[in-house]
Structure formats: C-alpha cells, structure tokens
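Here's the structure we're looking at; comments come further down.
The values are calculated or read from the model by the stated rules, or taken from the named source; none is laboratory data. On a predicted model such as this, the values are computed, not experimentally measured, just so you know. Note that we place each Cβ from the backbone using ideal geometry, even for glycine, and neighbour counts take in every protein chain shown.
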Amino acid sequence: MLPRLKRIGGNSFGTEDKKVLLIYTILRDEERIIDKALSKRGIKVEKVLGNRTLWELGNGLPEARLAINRTLSASQAAYISFLLEERGVKVINPFRTMTICNDKALTTDLLAKEGVPVPRTYLAFTPERAFEALEEIGYPAVIKPVTGSWGRLVAKVNDRDAAEAVISYRWNLGRVQQKAFYIQEYVKKPGRDIRVLVIGGKVRYAVYRSSSHWVTNTARGARAYPCPVTKELADIAERVASIVGGDIIALDLFESEKGLLVNEVNSTPEFARSSRDVGIDVGELIADYIEEVLS
Ligand SMILES: Nc1ncnc2c1ncn2[C@@H]1O[C@H](COP(=O)(O)OP(=O)(O)O)[C@@H](O)[C@H]1O
Ligand SMILES: [Mg+2]
C-alpha cells in the first residue's frame, strides 16, 4: 500500500512540536546529513517519499508543523510545498520560493527588476528571436535551459555556427521546456564562481568553486575553497533572500568587471561536496536554524 497523508478528523492539526517531515526522493548525502543532525538534537524526523505518496487533494493533514522539502523533481517539489503549506505546515522552502528558483528566467527577471546585479539575459521562444538576442549580446554567449542543474545543457557558444547548432537541436529535438531559450552574456569569471549558503536570511558561508572548465559545478568536478564574506557579498545575498524568500537557499555568484553578479538561486541546494571541501558542518547550521524555528 502506498503511504498516504494521515487523515485527522475535524480541524485539529495534531501537530507534534518536535517533529519534522523530511520529504525526499533519494536519500543523498544532503538528506542524510540533515536527518542525522536533527535526530542528534532529539528532533523526530519522519522521512516521507514524496513522489510515492498518494496526495488526496483537499484532504489529509500531516502530523507535523514543519517540513523540509528535498524532492528532486522541480515540479513535484513545487506541488508538495503547495499542498503542505495550504495545510498550515511551514515548508522549507515554500511554494513561491521553489517556483521562482526552479526557473532561471523567473529568478533573473525578478532579481533584475528589483535592481540586483545579474548577467544581461534574454528569453526567447523562437529561433529567430534567439538569434536576435545573440546579436545584441555578441559572442561568446551562454544558452541554458530555464530549469536544470549540475550544468547540464548549459552551452557556451563562441560563434554563430555553434549557436545555430544548439538552437536547432533544442528546437527540433527538445521537449517544450527546451524551446524557451535563456540567452545570457558570457561572464569572464576568474576560473571560479562563488556559492553562498543563506539560512534564515543570513549568509552562513561562501565558497569559491574552481575548475579548469568554464562550468564550475562541484557535481562536475570543481573544487571548493573558502571565500571571504565581504560586505558586497553579504548585502547582495541577503537582498536576494529577501526577494525570493525561503529559509535555506544557495546562490551562485560571478565576479565580473562590474562587481558581483547573481547567476542563479537554488532552493533545494546540494552542499555536501562543497562544505566537505572547506570543513563546514552544514547539518549543524541547519539544525540550529530548525531548532530556532520550532522553539
Ligand atoms: N553566463 C555565464 N558566464 C560564465 N559562466 C557561466 C555562465 N552561466 C553559467 N556559467 C557556468 O556554468 C555553471 C552552471 O550554470 P548554472 O546557470 O549555475 O546552471 P545549473 O543550474 O546547471 O547549475 C555555473 O556555475 C558557471 O560556472
Ligand atoms: Mg548552478
């Protein structure tokens, strides 16, 4: 039998004070770290396989007042945050944050509109408009899917020939999502970018992610080393957190001639590799924050 949300009669929420739902798809290092750190503090962690749960719409009340949603699929994660929030559960991260951060176009537009420095970026829905954007930006440029992670399908195009190949493949072979062209200036960053972890609106640590490849995800082999939290960095990160909301988010920043630029915001951040490289215990940071929220 599939797990179901427990149904509790009437309007009583039956919430247990020191219990957290950990919604997951696969128990990766991050979920294990969170589980262990919370359990060590005496917080009961109920692990819920979110994508195998039968969610009866308009019904079912979870027996917890806090949930950490670590669902892998962006669309499933958004649904789950929505359903839980609507049932009065505080969800990390909430539906709005998940929805914005899981879409690079929404994130960039919102941040730019609020005056946060971001790379110059266009969104196009046809190849013709995509080439127009590339003419505006010039080469090299970067074409990305609006959703994705680990640097997958993030393409640097050095000239029109390369751009034609990427756009034509996406247009003719891609699913509907790949037909939204997110086209961005290539930022000449110094062989690294910066990953910043923000918990409860405060910067907790920053690392450089360095690689000989222009794609600097640690999932793609980049190494992390400590990055000082300057005032510029803290101001930008905390501003971004106040705009996108959310309790635990991670930002990718680029160092550019114009100062720091925000590349993207991750609302279900991976942190195991980078924090291990610099010896930071993110489990403890998260547990401190969860205790604060539950108290
Ligand atoms: N506009 C850009 N200029 C320079 N490097 C970029 C640019 N966009 C992405 N990158 C590199 O590619 C990596 C992955 O891109 P990102 O937008 O963070 O996608 P993902 O969601 O897959 O991590 C970044 O961490 C960075 O190293
Ligand atoms: Mg990234």
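When the residues of region 132-150 are narrowed to those that are crowded, with 16+ Cβ neighbours inside 10 Å, touching a helix residue (DSSP H, G or I) at 6+ places or on another chain (Cβ under 7 Å) and not β-branched (Val, Ile, Thr), which ends up farthest from residue 72 (Cα to Cα)?
134
Which members of region 48-58 meet the condition of being surrounded by 14 or more Cβ atoms within 10 Å (Cβ to Cβ) and part of a strand (DSSP E or B)?
48, 49 - these are the residues of region 48-58 that are surrounded by 14 or more Cβ atoms within 10 Å (Cβ to Cβ) and part of a strand (DSSP E or B).
Given the structure, is residue 195 within 14 Å of ligand 2 (Cβ to nearest atom), of a type outside the set (A, V, I, L, M) and modelled with pLDDT of 95 or more?
Numbers: within 14 Å of ligand 2 (Cβ to nearest atom): yes; of a type outside the set (A, V, I, L, M): yes; modelled with pLDDT of 95 or more: yes.
Yes; evaluated as a whole, the condition is true for this residue.
Select, from 64, 124, 77, the only residue that is in the same structural domain as residue 167 (by TED's automatic domain parsing) and either within 14 Å of ligand 1 (Cβ to nearest atom) or surrounded by 18 or more Cβ atoms within 10 Å (Cβ to Cβ) (or both).
124
When region 214-252 is examined, which residues are found to be closer than 24 Å to residue 292 by Cβ and in a strand (DSSP E or B)?
The answer is 248, 249, 250, 251.
In region 137-169, which residues are of a type outside the set (A, V, I, L, M, F, W, C), in contact with a strand residue (DSSP E or B) (Cβ under 7 Å, 6 or more places away or on another chain) and away from ligand 2 (no atom under 16 Å from the Cβ)?
Answer for region 137-169, where residues must be of a type outside the set (A, V, I, L, M, F, W, C), in contact with a strand residue (DSSP E or B) (Cβ under 7 Å, 6 or more places away or on another chain) and away from ligand 2 (no atom under 16 Å from the Cβ): 139, 140.
Keeping to region 195-252, report how many residues are of a type in the set (A, V, I, L, M, F, W, C) and more than 22 Å from residue 93 (Cβ to Cβ). Full working, then the answer.
Start the filter on region 195-252 by keeping residues that are of a type in the set (A, V, I, L, M, F, W, C), which leaves 196-199, 203, 206-207, 214-215, 219, 222, 224, 227, 229, 233-234, 236-237, 240-241, 243-244, 248-251.
Next, from what is left, pick out any that are more than 22 Å from residue 93 (Cβ to Cβ): 214-215, 222, 224, 227.
Selection size over region 195-252: 5.
Taking region 155-176 as the region of interest, how many residues are at pLDDT 95 or above and in a loop (DSSP other than H, G, I, E, B)?
2
Give just the number: which of (1) within 16 Å of ligand 2 (Cβ to nearest atom); (2) surrounded by fewer than 19 Cβ atoms within 10 Å (Cβ to Cβ) does residue 265 not satisfy?
For residue 265, the exception is condition (2).
Within region 176-205, track down each residue that is within 14 Å of ligand 1 (Cβ to nearest atom), basic (Lys, Arg) and in contact with a Phe, Trp or Tyr (Cβ under 7 Å, 6 or more places away or on another chain). It would help to see each step written out before you state the result.
The first filter runs over region 176-205 and keeps only residues within 14 Å of ligand 1 (Cβ to nearest atom), leaving 177-178, 181-196.
Remaining after also requiring basic (Lys, Arg): 188-189, 192, 195.
Within region 176-205, 189, 192 qualify.
Find the residue count for region 151-201, including only residues that are more than 16 Å from residue 253 (Cβ to Cβ), charged (D, E, K, R) and surrounded by 14 or more Cβ atoms within 10 Å (Cβ to Cβ).
4
Please state which one of 91, 116 is part of a loop (DSSP other than H, G, I, E, B), in contact with a strand residue (DSSP E or B) (Cβ under 6 Å, 6 or more places away or on another chain) and at pLDDT 95 or above.
Selected residue: 116, the only one of 91, 116 that is part of a loop (DSSP other than H, G, I, E, B), in contact with a strand residue (DSSP E or B) (Cβ under 6 Å, 6 or more places away or on another chain) and at pLDDT 95 or above.
When you go through 221, 279 one by one, which is the residue that is more than 16 Å from ligand 2 (Cβ to nearest atom), surrounded by fewer than 17 Cβ atoms within 10 Å (Cβ to Cβ) and not charged (D, E, K, R)?
Values: 221 fails: more than 16 Å from ligand 2 (Cβ to nearest atom).
Residue meeting the stated conditions: 279.
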